[in-house]
Amino acid sequence: METVLEHGPQAQATSRPPRTGWRHYLLDAGWIRAGWMMCLFWAIGFGIVVVFRWWAGWEPLLKWQPITVVATLTAAPLGFLAGIGAFDYWARYAIGAPTRPEDHSTHGGRNWKDYFRPNTDHKVIGVQYVVTTIVFFVIGGLMAMIFRAELARPGMQFVDNQTFNGLVSVHAALMIFLFVIPAFAGLGNFVIPLMIGAPDMAFPRLNALSYWLLPIAGTMMVLSFVVPGGAFAAGWTGYAPLSVTQPLGTVFFNMGVQWAGASSILTALNFLVTIITMRAPGMTFWRMPLLVWANFTTSLLVVIATPFIAGSQFFVMFDRVMHTNFFDAANGGYVLGYQHIFWFYSHPAVYIMMLPGFGIASEVISTMARKPVFGYRLMALSLLAILFLGFSVWAHHMFVAGVAPWLRIPMMVTSMIIAVPTGIKVFSWLATMWEGRIRFSTPMLFALGFVSMFVIGGLSGIYLASVPIDIHVSDTYFVVAHIHYVLFGGSLFTIFAGIYYWFPKMTGRMYNEKLGKLHFWLTFIGFNVTFFPMHWLGTQGMPRRVSDYAPRFADWNMVISIASFFLGASTIIFLYNMITSWVRGPIAEANPWHGRTLEWQVSSPPPYFNFDEIPQVVGHPYEYGVPGAQHAVFNGDRTGVLEEAHH
Amino acid sequence: MRRGSIVQLIAIGVVIGACATVVALLIPWLPPDASEERDGIDLVFWFTTAISIAIFSLVGAVIIYSVLKFRARPDDDSDGAPIHGHTGLEIVWTTVPAILVTAISVISGVVLVENDHAASNALNVNVTARQFAWTFSYPKQGNLTSAVLRLPVGRSVVLHLQALDVIHSFWVPEFGQKEDAVPGQNTSLVITPTKIGTYPVICTELCGLGHALMRTSAIVMQPADFEAWARQEQQALKGPPGNAGKAVFTSNGCASCHTLKAAGATGKVGPDLDKLPDYAKQAGKPLADFVKESIVDPNAYVQPGFPKSVMPPFSTLPADQLDALVQFLVQSSQGG
């Protein structure tokens, strides 16, 4: 395979000779340097805290909460990043050492080792993201298995209350911050530059850095289980003042969110600049595939909203470590302030976790039904409508929280209105399938499963938007059912659809279709049996986040627990299929689905710089069934192209 | 579209709608209705359910019809019809959902305003939430306090909620009403019980280790029974110390975390109070001093095996009530 850009002669001339022997292992970017630099930075952080406390005359000198925050959760991760090489280029630039702007030696996945170090190729980063997030998905899922075992019967059987609350909190935090959000970022990372005809993302080194922030955040959240007092246990929402008074594990959540949030923001900025400035000639906004639209909208949400959760977690941490009183009512703090700031991020976060899925569904349904996306422009505009409305509904999480009464009806109305653009999308997907020639491959099954399950999640959302019903069902299992219909039936089904859909493009091999379909049906059945009964458990009176419950709910909880183990087991089929197919699946064609978007016009996997020549975009991406229509041409060859009129 | 396919589509939709209706009717979705506020909530619930069943049936019908009719044969690699959109349809599926959600919003708004309105003769009850107990006090009934919420039937009640430590949330499923108790803030909730009976009071906001056990009962009684109970409780507080101590024990919710045979308490969150003499020995303090200290400053000595900082300090108890409580605990734990 030819790459377009090679190391220029100048680049060779300015770089110094490579290190050899032990100096190479110890001093060159890699896991060994990451290891010792992590320890060194931890020691520096430790020293800063101790010296500062000694200088200020504070007792005791060794106070573990500030030491944990500064040394373990801030300095050590920075040391790791520096050691693994995420800052090398910038560090050389900053100290005036010669940099190599044309150096692409860390670009492209040539062998498996390239996936275990910072790599500037968006395709490698995309795979790193997806694999890492699946690891955390499995860990988070296993936690759910443990607390479902506890909940199978009333009373306490396997874990104590602290562990139970910790499991519930870490499960949610991992699934949200380490799985759904970054899994979409990973799929987008792989696909978006290809879809818009770009050689890479706009800031490849920033892209590499934003990936490496992620395992740090995830490790932090999982590690909180081993610190004294146990994992953070105030729920993933971490409401103050409970989170202020919880054991040490809470700061692992406070800081884990900062690292994950920084990763999100950097990726979103990268997406925005890439989509705005790096589209191929002819790729106007109205010719972009809907996944590109979806990531564009999501990235806007991320950059605007994410700083708010960062702020809310810093406030909690300051209250804990520096004895500020943001949320201490006795000292003039404002308890509800936490929830306002938290939900100002965390409601838009629901759309951060859903809009990319909408994009994936549009790609898969159009390609598999062999039809243009119905009402393309309205589909794109409804994404933007959700973006704007998404910022005006946060208080619907707080209808019973003691907010000002006048805030409730306006927030109910805006929440209800979001059903309109969402409805437009659902009906448009249905219309896209109508009169199609539908191929029921695994991605299509997951996309259809998504549409049907998301409708249930959307409808239960209307119940929660209505203030009187919400007053009855908020903080109950009805909410648990709703979020899982939206985030599992919605986000996870589209993530699975996306992984199966682009698996041949990412790995160059085809997955096993039979196992894929089996995985779908087991997941679909297990999912519904697990989560549907939670609706009536909630309306009947079972609160969420309880380790023990009234005996009258015992039967359904047993059903739910058994179904959840079944659901967990279905993931084994997925993992088996992915691993074996990646290792020895049949070689994939360039375009197994006969898709029309640009990523299918290059080899599987694509060349290191995506396109050997820049594509010329000449039409819409979904012109299935239109005679002679083309989305893009290569070679500047425009002969035989029908310039299409705007509809 | 041919007429035949419309008929098939409608038939599938009707079957799905019928199934969904059966699920809606056979499952006991809502607990028994025991308050006026629940009437309104139930109305909005079923109104929304009817609309939801209609929309779900429509979507389900189109999906199933498409799966059956538009499946490509294995050898067919042709494309579907190049339909790009239909302005009329798009207007319909923008406006119809907008009208439906507006209707739900209007009904919800009316019910909300109605449910927030308390009658002028409302009974006021102060609700104090702390980890992990509820205390209800009745300002017009000589400030008597109770760990169980007792309410007269048919009279509207305003609960004034306060939290001493973290956020808690008051919910009685049969009443349908719920509101958080927030530190540093006064919140309130209106309930008008309509049926005599005993209902669970549940904390629905994660409040720490004992959250799942932060439960008590709401007892709705005849107004005359309620008055009789209030008089009797007021007298008990003034009675001999043993009784007064037991009343303080009960009204401060100690039973939700602790076991004490003399008070019929079976809580398992905190240490077993029947073993107080043993604990005092381990702490190396005289029993009465130890008991008093543990109530006022629970972290001074925490029995091994129990987490620290779970029990809130009860330093605000009036001195006479504190003494009565200590005396009661000392006597009953020594088997007297």
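The values are calculated or read from the model by the stated rules, or taken from the named source; none is laboratory data. Because the structure is a prediction, the values reported are computed rather than measured. With ideal geometry, Cβ positions are generated from the backbone for all residues, glycine too; neighbour counts draw on all protein chains shown.
Any chance region A:274-297 includes a residue that's in the same structural domain as A:V180 (by TED's automatic domain parsing), within 16 Å of A:F177 (Cβ to Cβ) and buried (at least 24 other Cβ atoms within 10 Å of the Cβ)? Checked against the condition, which is being in the same structural domain as A:V180 (by TED's automatic domain parsing), within 16 Å of A:F177 (Cβ to Cβ) and buried (at least 24 other Cβ atoms within 10 Å of the Cβ), region A:274-297 yields no hits at all. When we screen A:V257, A:V316, A:V273 for residues that are within 14 Å of another protein chain (Cβ to nearest Cβ) and assigned to a helix (DSSP H, G or I), the only hit is A:V316.
So which residues in region A:538-593 are within 22 Å of A:F493 (Cβ to Cβ), of a type in the set (V, I, T) and under 26 Å from the mean Cα position of the chain (by Cα), if there are any at all? Within region A:538-593, A:T571, A:I572, A:I573, A:I579 meet the criteria. Restricting attention to region B:240-260, does a residue exist that is buried (at least 20 other Cβ atoms within 10 Å of the Cβ), among the hydrophobic types (A, V, I, L, M, F, W, C), out of contact with any helix residue (DSSP H, G or I) (no Cβ under 6 Å at 6 or more places or on another chain) and within 14 Å of chain A (Cβ to nearest Cβ)? So far as region B:240-260 goes, yes, one or more of its residues are buried (at least 20 other Cβ atoms within 10 Å of the Cβ), among the hydrophobic types (A, V, I, L, M, F, W, C), out of contact with any helix residue (DSSP H, G or I) (no Cβ under 6 Å at 6 or more places or on another chain) and within 14 Å of chain A (Cβ to nearest Cβ). Check region B:103-118 and report whether any residue there is closer than 30 Å to A:M433 by Cβ and at the interface with chain A (Cβ under 9 Å from one of its Cβ atoms). The answer is yes; a qualifying residue exists. Whenever a residue of region B:293-307 is not assigned by TED's automatic domain parsing to the domain that holds B:L209, its partners that are polar (S, T, N, Q) and part of a loop (DSSP other than H, G, I, E, B), lying with C-beta atoms within less than 7 angstrom and at least six residues away or across chains, give the pairs B:V296/B:S315; B:N299/B:S309.
Here B:V157, B:V106, B:V153 are screened, and the one residue that is over 28 Å from B:C207 (Cβ atoms), at pLDDT 95 or above and surrounded by 14 or more Cβ atoms within 10 Å (Cβ to Cβ) is B:V153.
Residues that are modelled with pLDDT of 95 or more and of a type in the set (S, T, N, Q) were ranked within region A:208-236; the one that is surrounded by the most Cβ atoms within 10 Å (Cβ to Cβ) is A:S210. Once region A:540-556 is narrowed to residues that are crowded, with 18+ Cβ neighbours inside 10 Å and out of contact with any Pro (no Cβ under 8 Å at 6 or more places or on another chain), the residue that is modelled with the lowest pLDDT is A:S547. Checked against the criteria, A:H472 counts as touching a residue at least 12 places away in the same chain (Cβ under 8 Å), within 10 Å of chain B (Cβ to nearest Cβ), of a type outside the set (S, T, N, Q) and assigned to a helix (DSSP H, G or I). Restricting attention to region B:224-266, and to residues there that are part of a helix (DSSP H, G or I) and hydroxyl-bearing (S, T, Y), which single residue is nearest to B:Y138 (Cα to Cα)? Filtering first and then ranking leaves B:S251. Could you tell me whether A:R205 is on the phi < 0 side of the Ramachandran plot, among the basic types (K, R) and within 20 Å of the chain's Cα centre (by Cα)? So A:R205 passes the test.
For region B:163-180, filtered to residues that are within 8 Å of another protein chain (Cβ to nearest Cβ) and not charged (D, E, K, R), the residue that is nearest to A:T245 (Cα to Cα) is B:V166. Within region B:65-102, the only residue that satisfies the criterion of being among the charged types (D, E, K, R), facing chain A (nearest Cβ under 7 Å) and under 17 Å from B:L9 (Cβ atoms) is B:R71. Here A:Y338 fulfils each of the conditions (1) surrounded by fewer than 20 Cβ atoms within 10 Å (Cβ to Cβ); (2) over 20 Å from the mean Cα position of the chain (by Cα); (3) at pLDDT 95 or above apart from (1).
For region B:78-109, filtered to residues that are touching a residue at least 60 places away in the same chain (Cβ under 8 Å) and not polar (S, T, N, Q), the residue that is nearest to A:F374 (Cα to Cα) is B:I104.
The residue of region A:502-522 that is farthest from A:M453 (Cα to Cα), among those that are surrounded by fewer than 18 Cβ atoms within 10 Å (Cβ to Cβ) and of a type outside the set (D, E, K, R), is A:G508.
Taken together, A:W429, A:W394 contain a single residue that is more than 10 Å from chain B (Cβ to nearest Cβ), among the aromatic types (F, W, Y) and more than 17 Å from A:I471 (Cβ to Cβ), which is A:W394. Among the candidates A:R596, A:R552, the residue that is without any contact (Cβ under 8 Å) to a residue 40 or more places away in the chain and either within 14 Å of chain B (Cβ to nearest Cβ) or polar (S, T, N, Q) (or both) is uniquely A:R552. Of the numbered criteria (1) surrounded by fewer than 18 Cβ atoms within 10 Å (Cβ to Cβ); (2) without any contact (Cβ under 8 Å) to a residue 60 or more places away in the chain; (3) assigned to a strand (DSSP E or B), the one B:S217 fails is (2). Out of curiosity, is A:Y485 of a type outside the set (K, R), more than 10 Å from chain B (Cβ to nearest Cβ) and under 17 Å from A:A419 (Cα atoms)? Yes, satisfied.
Within region A:432-443, being within 10 Å of another protein chain (Cβ to nearest Cβ), buried (at least 24 other Cβ atoms within 10 Å of the Cβ) and of a type outside the set (S, T, Y) holds for A:M433, A:G436. In region A:428-460, which residues are over 26 Å from the mean Cα position of the chain (by Cα) and not acidic (D, E)? A:L430, A:A431, A:T432, A:M433, A:W434, A:G436, A:R437, A:I438, A:R439, A:F440 - these are the residues of region A:428-460 that are over 26 Å from the mean Cα position of the chain (by Cα) and not acidic (D, E).
Scanning region A:223-250 for residues that are more than 14 Å from chain B (Cβ to nearest Cβ) and in contact with a Phe, Trp or Tyr (Cβ under 8 Å, 6 or more places away or on another chain) yields A:L223, A:S224, A:V227.
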